[in-house]
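Below you'll find the structure, written out as structure tokens, and then a few comments.
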């Protein structure tokens with residue numbers, strides 16, 4: 001049977017000197033500015049979008065005439081152009097949910113630099129914990145070795161590294177290796193089928209009666225530290241007038257808040273990876289609700305003419321849903337079940353938490369918190385509400401999705417008609 005190629009990413013923390021951090025910061029700002037220049041050049045023209053050839057020539061001229069543009073390696077500049085053109089291709093594809101490309105803000109965009117060609121990385125393993133990698137214009141740098149890389153480690157997985165991307169997180173710079181491995185097509189998974197209900201009180205409730213729960217992402221001391229930092233930032237903002245730059249003290253407070261929130265996110269991602277790996281290895285078919293998460297997270301403020309109700313409670317619910325990252329859980333399940341010969345099935349969400357799985361009677365009054373008590377006098381089943389919902393999900397019919405999800409035919413409502421080509 002012919003082998004198949006699997007493309008994955010592996011993220012590792014970099015250990016950089018202060019000079020190397022300065023170099024990468026400059027490259028990231030140059031890459032963002034190049035994106036903005038490309039967007040202006042490609043869209044602010046009468047009649048049509050600029051072609052790929054015209055954009056490429058404009059970059060070459062800019063690198064000769066603009067001094068700071070030389071901070072960005074030539075291959076990284078070409079990667080910015082490639083990414084920008086792909087963003088337009090995604091937007092113009094009616095089956096893709098991407099929005100129209102726009103300018104990138106200095107304060108809100110993610111700092112990143114592409115290393116498109118892997119042969120320039122020259123990866124070497126130093127010991128059990130550290131490796132060495134070559135970063136363009138920044139020199140050799142150590143990175144945390146947590147996983148064998150294909151084509152680098154002797155006796156490791158067969159395949160190769162096709163490139164990398166440098167990204168800056170609140171705790172510093174990281175490198176994301178793009179890997180390509182060869183694997184035999186997975187045989188059909190022989191495990192049982194299960195339905196999963198995602199929630200807040202219980203993270204994941206399974207139709208077999210078991211649950212997958214986690215501790216709070218931040219400890220009590222860390223939560224109190226975060227609360228005090230947020231109050232401190234609010235006090236510092238009160239002394240800042242509109243239009244003034246952010247003070248160094250306020251920026252430092254923002255950095256401390258971002259590091260704490262990044263710690264919570266890392267713990268959440270780690271738990272999700274471990275849990276989804278276990279579920280994908282155990283079950284052949286995993287059914288989940290097809291939830292409109294973006295719609296669920298909309299604010300309840302309303303308008304001045306029609307103000308919303310329970311705004312603070314809805315805001316707290318939105319934070320809880322965002323903290324559980326339901327969408328990321330399903331995304332991880334999709335490719336992990338595909339690799340193991342299983343599949344993820346999305347079923348319609350309405351009614352799963354209000355319907356008794358035993359008799360089919362639907363009544364919103366049947367659920368009170370985590371307890372489900374069927375109001376049908378001929379049934380009267382009582383049990384955990386999330387388990388009941390998970391059984392309903394397992395019994396429902398749905399649509400199987402691939403390892404990259406089911407994009408469907410929905411077109412973003414915020415898209416604007418593209419310019420004529």
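The values are calculated or read from the model by the stated rules, or taken from the named source; none is laboratory data. These numbers come from a predicted model, not from an experiment. Heads up, the Cβs are rebuilt from the backbone with ideal geometry, glycines too, and the neighbour counts pull from every protein chain shown.
Inspect the range 184-194 for any residue being modelled with pLDDT under 90, in contact with a strand residue (DSSP E or B) (Cβ under 6 Å, 6 or more places away or on another chain) and either assigned to a loop (DSSP other than H, G, I, E, B) or farther than 30 Å from residue 348 by Cβ (or both) and give the result as yes or no. Within the range 184-194, one or more residues are modelled with pLDDT under 90, in contact with a strand residue (DSSP E or B) (Cβ under 6 Å, 6 or more places away or on another chain) and either assigned to a loop (DSSP other than H, G, I, E, B) or farther than 30 Å from residue 348 by Cβ (or both).
Out of 390, 349, one residue alone is surrounded by fewer than 19 Cβ atoms within 10 Å (Cβ to Cβ), within 28 Å of the chain's Cα centre (by Cα) and modelled with pLDDT of 80 or more. It is 349. Of the conditions (1) surrounded by 14 or more Cβ atoms within 10 Å (Cβ to Cβ); (2) modelled with pLDDT under 95; (3) over 17 Å from residue 107 (Cα atoms), residue 229 clears all except one; give me its number. Residue 229 satisfies all of (1) surrounded by 14 or more Cβ atoms within 10 Å (Cβ to Cβ); (2) modelled with pLDDT under 95; (3) over 17 Å from residue 107 (Cα atoms) except (2). Within the range 325-353, being under 10 Å from residue 286 (Cα atoms) and assigned to a loop (DSSP other than H, G, I, E, B) holds for one residue alone: 342. Checking each residue of the range 355-363 against the condition of being closer than 17 Å to residue 287 by Cα and part of a loop (DSSP other than H, G, I, E, B) gives at least one match.
Scan the range 109-123 for residues that are touching a strand residue (DSSP E or B) at 6+ places or on another chain (Cβ under 6 Å) and loosely packed, with under 12 Cβ neighbours inside 10 Å and the total you get is 1. The residues of the range 143-160 that are buried (at least 17 other Cβ atoms within 10 Å of the Cβ), at pLDDT 90 or above and assigned to a strand (DSSP E or B) amount to a single one, 143. Only one residue in 164, 203, 215 is buried (at least 16 other Cβ atoms within 10 Å of the Cβ) and within 30 Å of residue 353 (Cα to Cα), so which one is that? Checking each option against the conditions leaves just 203. Count of the range 44-78 residues, restricted to those that are in a helix (DSSP H, G or I), within 28 Å of the chain's Cα centre (by Cα) and either touching a residue at least 40 places away in the same chain (Cβ under 8 Å) or farther than 25 Å from residue 166 by Cα (or both), is 3. The single condition among (1) more than 28 Å from residue 170 (Cβ to Cβ); (2) crowded, with 17+ Cβ neighbours inside 10 Å; (3) touching a helix residue (DSSP H, G or I) at 6+ places or on another chain (Cβ under 6 Å) that residue 63 does not satisfy is (2).
Checking 280, 203, 268 one by one, the residue that is touching a strand residue (DSSP E or B) at 6+ places or on another chain (Cβ under 8 Å) and at pLDDT 90 or above is 280 and no other. Scanning the range 235-286 for residues that are over 24 Å from residue 345 (Cβ atoms) and part of a loop (DSSP other than H, G, I, E, B) returns 239, 240, 241, 242, 243, 244, 245, 246, 247.
Going through 186, 234 one at a time, which residue ends up being closer than 30 Å to residue 150 by Cβ and surrounded by fewer than 18 Cβ atoms within 10 Å (Cβ to Cβ)?
On the way: 234 fails: closer than 30 Å to residue 150 by Cβ.
Result: 186 is the single residue among 186, 234 that is closer than 30 Å to residue 150 by Cβ and surrounded by fewer than 18 Cβ atoms within 10 Å (Cβ to Cβ).
Listed by first and then second residue, the pairs linking a residue in the range 368-388 that is free of Cβ contacts under 8 Å to residues at least 40 places away in the same chain and on the phi < 0 side of the Ramachandran plot to a residue that is assigned to a helix (DSSP H, G or I) and loosely packed, with under 15 Cβ neighbours inside 10 Å, with Cβ atoms under 6 Å apart and 6 or more places separating them unless they lie on different chains, are 375/365.
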